[in-house]
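Shown next, in structure tokens, is the structure this report addresses.
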Number of protein chains: 2
Amino acid sequence: MTIRSERLTSAVPPGSAAPVSTCAVAVDVALLTVLDGRLKLLLVEPDAPQLAGHWALPGRRVRDDESLDDTAHRALAELAGVRAPDAHLEQLRTYGDPSRDPRGRVVSVAYLALTPTTHDPTDPLTAQLWDVEQLGTQDGPRLAYDHDRIVPDALERARSKLEYTSLAAAFVADVFTLGELRRVYEAVWGVSLDPANFRRKVVSARGFVTEAEGLASPGPGGGRPAKRYRRGPATRLHPAMLRP
Amino acid sequence: MTIRSERLTSAVPPGSAAPVSTCAVAVDVALLTVLDGRLKLLLVEPDAPQLAGHWALPGRRVRDDESLDDTAHRALAELAGVRAPDAHLEQLRTYGDPSRDPRGRVVSVAYLALTPTTHDPTDPLTAQLWDVEQLGTQDGPRLAYDHDRIVPDALERARSKLEYTSLAAAFVADVFTLGELRRVYEAVWGVSLDPANFRRKVVSARGFVTEAEGLASPGPGGGRPAKRYRRGPATRLHPAMLRP
DNA sequence: TTAATAGTGTCTTTTAGACAATATATA
DNA sequence: TATATATTGTCTAAAAGACACTATTAA
């Protein structure tokens, strides 16, 4: 680092005249969920003719007097019919390359959204949950804009935060079993985990889960009924749930 | 999550007409360094009269055809005389509350910058390195805008990433001793660490450091000469350096 | 009954942390 | 010499991981 006391340009307060642009600001949302034990990403088909055959993250431009979080929720609702006010929503990063959109300077604030599994499929004509293992393959969607750069960042963020935070609980319902929670880890990381060691780690991570009353019914294939749990107060996990 | 196939609003391609605003986009940089064993934050005095007595993160509005990273470097150079092309620079998050700047909608992309310690002080008239322990106290600076929300996020990001990544090496020179590296951890976390256990953890974290040739000279108080090291290839640490 | 899932026990290896002991410099 | 810093050694506790075993359901 070189810190020099050379002639310093004076600060330009925001809003005053300066050789700067006013960019369009958009929000794009990467919504992940676990369905049938597989990690899924929500994509929509933009109806711009030049993007026929491409899929995109649901995105909207930011309105006056609308917070970025509000824009994210609105993009999900308007473009995919997804109303998830309780979903986990966090900023991923902002993509602002001058050339990322050929039609002009658009700075996009990307969000990561995580929701519990539901059996509700999206309308396959306008929005679809894609298996993340298909992304980047021939069977997978072609992504519009620079969304092929955003999606890997979203996946890595989710995979990483499952290690050090209690974020996995955002993928399951209010009350859940440790088997359900384990299948979240397995789907997001793409691995299989030892149920015995997984249980011990979850229970020993202080504040990750608290026991709820009652037992869950086994699935159609049978099995011992599982204890039920709720999220605990912790957000960071000690000790962490490290990827194998 | 509720996914409904209700009437969907059609996608508005970026750049087309829509009830949206074109926000001013700015970049603010939280530059951290370690000086005399203490964590420091770079702040500048905005010369807007209504902000007299306040300090701010160096920030600039984004220019046409300028990437966000370029704006961050320009803000450091123009407002603080800091030219640090090799500094670690990463996005922190984007602050876009409609009311965060009273003079209009300004979306600010905040960056975290980390640089090695140098003995060069900034020009105390325009830019200054503040001890982070002073922030929020009576002796500390009053922060402008919403920078009192950005700074804690920057500190927590740095503290957290020291655990799981090799980012601490961004605070030291190309060749360094494990004592220097330990003092980075101690300064950023505000703790003191056992030198013996610290050494073992750093060396056993695969790819964190590699041994360099020669020994460093002891300081004025004496002491055994330390082995010299360089950064290794790893970015994520296994095992991690967990905060005590 | 068998198959499937949940949960416990046990053992080994790895890692964390406290702290004693040794090595090599400066003053 | 005393003091400061670096490095190694040793011991204990905690955590990770492999895997055998028990528990309770569905078909």
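The values are calculated or read from the model by the stated rules, or taken from the named source; none is laboratory data. None of these values were measured; they are calculated from a predicted model. Using ideal geometry, Cβ is built from the backbone for each residue, glycine included, and neighbour counts are taken over all protein chains shown. Areas reflect the complete protein model, heavy atoms only, side chains present, ligands, DNA and RNA absent. Shrake-Rupley method; radii C 1.70, N 1.55, O 1.52, S 1.80 Å.
Quick one: grab the alpha carbon gyration tensor of the protein assembly as shown, order the square roots of its eigenvalues as a ≥ b ≥ c, and give me rounded if a/c is under 1.5, else prolate or oblate depending on whether a/b is larger than b/c. Write down the numbers at each step before the final one.
Values: a/c = 2.06, a/b = 1.20, b/c = 1.72.
Cα axes put the protein assembly as shown in the oblate bin.
Think of chain B as a dipole: +1 on every Lys or Arg Cβ, -1 on every Asp or Glu Cβ, centred on the Cα centre; then among B:VAL107, B:PRO220, B:LEU181, B:LEU181 lies furthest on the positive end.
Determine the alpha carbon to alpha carbon distance for each of A:LYS161/A:LYS201; B:LYS40/B:LYS227; A:LYS161/A:LYS227; A:LYS161/B:LYS161; A:LYS201/A:LYS227 and list only those over 21 Å. List each step's numbers first, then the result.
Working: A:LYS161/A:LYS201 16 Å; B:LYS40/B:LYS227 27 Å; A:LYS161/A:LYS227 25 Å; A:LYS161/B:LYS161 12 Å; A:LYS201/A:LYS227 16 Å.
In this structure, B:LYS40/B:LYS227; A:LYS161/A:LYS227 exceed 21 Å between Cα atoms.
Per-residue SASA remark: B:ASP194, around 80 Å² accessible (1.4 Å probe; ligands, DNA and RNA not included). On a per residue basis, chain B carries 46 Å² of accessible surface, using protein heavy atoms and a 1.4 Å probe. For the protein assembly as shown, adding -39500 (n - 2.57) for each run of n ≥ 4 DSSP H residues and dividing by the number of residues yields -7000 deg cm²/dmol at 222 nm. Shielding value for A:96-109 is 5, the average number of Cβ atoms from other chains within 10 Å of each residue's Cβ. The GNM of chain B, with springs linking C-alpha atoms under 10 angstrom apart, assigns the highest mean-square fluctuation among B:LEU31, B:LEU76, B:LEU51 to B:LEU51.
Roughly how big is the B-A contact, given as buried accessible area in Å² (both sides, 1.4 Å probe, nearest 100)?
Numbers: alone 14350 and 14310 Å², together 22500 Å².
Buried area (both sides, nearest 100 Å²): 6200 Å².
Among the residues of A:80-86, the average count of other protein chain beta-carbon atoms within 10 Å of the residue beta-carbon is 4. Computed over protein heavy atoms with a 1.4 Å probe, the carbon and sulfur contribution to the accessible area of the protein assembly as shown reaches 50%.
If you take every residue apart from B:GLU90 with its C-beta less than 11 Å away from the C-beta of B:GLU90, what net charge results, scoring Lys and Arg +1 and Asp and Glu -1? Mind showing how you got there, number by number?
On the way: positive: A:ARG93, B:ARG93, B:ARG157, B:LYS161; negative: B:ASP69.
Result for the local shell: +3.
Just how far, in whole angstrom, is segment B:164-194 from segment B:203-244 if you go by their alpha carbon centroids? Measuring centre to centre over Cα atoms gives 9 Å.
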